[in-house]
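Take a look at the structure set out below.
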Amino acid sequence: MSFEHDEEICNESGNRPFQDVLNANVERRKVLQGGLATASAVFFAGGAGGAIAKGFNNIQSPLMNFAPVPNAEGNGPIPTISADYQYDVLIPWGEPLQPGGPTYNYPPSAEDQALQIGIGHDGMHFFPIREEGLPRNGWDQDLWDDRKDWYYNTQWGTNGNDRGMLCINHEFGDNSTVLGKNTPASLEDVRASQHAHGASVVALKKVNGSWQTAASPNARRIHVNTEVEFSGPVAGHALLQNAANNVPKGTVNNCSNGYTPWGTYLTCEENFNGYFGATSEWTATEEQQRYGFSSGGFGYGWELYDERFNMSNPDYANECNRFGWIVEIDPFDGSKKPVKRTALGRVKHEGIAITVGRGGRVVGYMGDDQRFDYIYKFVSDANWRSMRAKGQSPLDHGKLYVAKFNDDGTGEWLELTIDNPVLAQRFADQAEVLTFARVAADLLGATPMDRPEWTTVAPNDWVYCTLTNNSRRGADQTDAANPMGPNNDGHIIRWKDSDQHVGGDFIWEIFLIAKDTHGTEQSYADPDGLMADPDGRLFIQTDGGQKDGLNNQMLVADTKNGELRRLFTGVTSDEVTGITMTPDRRTMFVNLQHPGNGDPTRTNFPAPQDGVTVPRDCTIVITRKDGGIIGS
């Protein structure tokens, strides 16, 4: 998500900027035409493979045989898709969560919105429901023993491709769109806004070739007023306690996502600070400043009628510490409360890419989406199966690290632990370290990045991360790898960890630079959403000012030779985000967020164009016309 508040800088640590590292590293890594770096010259024992970088627009890829959307067609008030593909619309904002629920009526009441699909469709994941006798959550655990295969490998055949649970985030919806007014006038207005945020768990099935919602006891809305639990090192700590003794509730600004080997969904709280404000005199603490809290927030006005979000009310002084976490949701058990996993740290989480490392340990890679903030990694203490067999969550017991990028193409993972004397001088215990992870990372000397957003782990163990942009980079800080000052268009970085994801070192290189595509037929800017598939494709979604007259879009890159092809473009003033597939990879779900920025004069999608109807966030179902694998 790109708005004016994303231009803010909360990091005043003075840590060495990433562009300085790139400046020193130019001689080692010559960036080829097309924006790809050559393979890193430094490898760990056991060896990370290098990139095969040939350019983005001059090699025919055996992985991509679809006709790309040309620049001239990638704009306007309705989506455009490759001639080899087709799309349908699913679960727009306000759609009943289950058949028979309250139908869409604008603006929604608080009661109805709590039973309807929320707004701000973003990260999501499809959990297949397979035939009887197979694992209930659709995961073939044996596939995780072979780290080159993913759970949606084609050997699954037809199981779970026509029904499942879709977990989807609802990142944000401003008052003018949700309420039809700029400022709430009552608690009812605030509740309607709050209930539009959060996440949905939706039962889906395919009937006569078309996807639709289905009745399920596990389908539910999880919003700002849903009861939640805390788990891990910060659970029960004074930093989460309020004098009001109110029950922990809610999740908000749910951006990207992740999913676990045991079949649960991870929703990630990003710009949570913007929902808090103050109705009287209030001064932010150092920690609150580091997370961007202000008396006016983002203008939602929840603090006017809901004291939980009023930072000037001492009875709710720690309510802000209850947000900024990664939240685990069981899509197959509607009776379970969402759980905030505090061992993963409190930052502005864009998402989390989970993989399984050496010894069966769960590893998660996370970006903190703000200019000059950091990239993090979590490693569980032990094999995830053995931990769960003992009744432990692998996400509660482990180590959190932050990345430092070195000049020579190597990097270090710095552990955020109270055992470090540097952190022990600042914090009282590990709970404080995790609650104020940004401050801890500052003290350790982590490398400030250009808005780290989505991460994804490829089957060959390369980890990719989108760095959307950094408009605050100075013109005197440019170099061959980052030629724009300011960096308005962003780039994609990738790294490979030592010791099968659990080591303390990594090698890294730049994968793509958006600016280098401008003026070509595969132009893009502001990379955001990201997903690597088992065959070597990388799906790239954008959020920001596209060049060459284009709307935001989704492209496919061949990671072996760098070719790019545009598969899909959204509508005027939207974001293309969220990505998941059925197990056979023949149905893809993506989202259109804030179409037209809520302005019906720009677009009315998914309704027919009339210049009046309010556009609605929605999910797009993409298939190949020949029934082939998506991206091929």
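What to note about this one:
- Residues located in region 504-551, provided they are open to solvent by 10 Å² or more (accessible area, probe 1.4 Å) and within 29 Å of GLY357 (Cβ to Cβ): GLY504, ASP505, MET531, PRO534, ASP535, GLY536, ARG537
- Among the residues of region 357-378, the ones that are in a strand (DSSP E or B) and open to solvent by less than 10 Å² (accessible area, probe 1.4 Å) come to 13 in all.
- Check on ALA475, open to solvent by less than 10 Å² (accessible area, probe 1.4 Å) and either out of contact with any Lys or Arg (no Cβ under 9 Å at 6 or more places or on another chain) or within 17 Å of LEU344 (Cα to Cα) (or both): no
- Taken as a whole, region 182-193 holds at least one residue that is at pLDDT 95 or above, of a type in the set (A, V, I, L, M), in a loop (DSSP other than H, G, I, E, B) and more than 21 Å from LEU592 (Cβ to Cβ).
- The listed residue being more than 30 Å from VAL178 (Cα to Cα) and under 18 Å from the mean Cα position of the chain (by Cα), out of GLY364, GLY357: GLY364
- Hits in region 379-411 (condition: touching an Asp or Glu at 6+ places or on another chain (Cβ under 8 Å), in a strand (DSSP E or B), modelled with pLDDT of 95 or more and open to solvent by 50 Å² or more (accessible area, probe 1.4 Å)): LYS399
- Subset of region 333-352 [open to solvent by 10 Å² or more (accessible area, probe 1.4 Å) and part of a strand (DSSP E or B)]: VAL339, ARG341
- Residue count for region 307-332, restricted to those that are buried (at least 21 other Cβ atoms within 10 Å of the Cβ), of a type in the set (A, V, I, L, M, F, W, C) and more than 25 Å from ILE168 (Cβ to Cβ): 2
- Taken over region 200-239, the criterion of being open to solvent by less than 30 Å² (accessible area, probe 1.4 Å), over 30 Å from ILE418 (Cα atoms) and aliphatic (A, V, I, L, M) is satisfied by VAL201, VAL202, ALA203, LEU204, ALA214, ALA219, ILE222, VAL224.
- Checked against the criterion of being among the polar types (S, T, N, Q), touching a helix residue (DSSP H, G or I) at 6+ places or on another chain (Cβ under 7 Å) and on the phi < 0 side of the Ramachandran plot, region 344-360 contains not a single residue that satisfies it.
The values are calculated or read from the model by the stated rules, or taken from the named source; none is laboratory data. Nothing here was measured: the structure is a model prediction, and the numbers come from that model. Note: ideal-geometry Cβ built from the backbone for every residue, glycine included; neighbour counts use all protein chains shown. The protein model used for the area step is the full one, side chains on, heavy atoms only, and it has no ligands, DNA or RNA in it. Shrake-Rupley method; radii C 1.70, N 1.55, O 1.52, S 1.80 Å.
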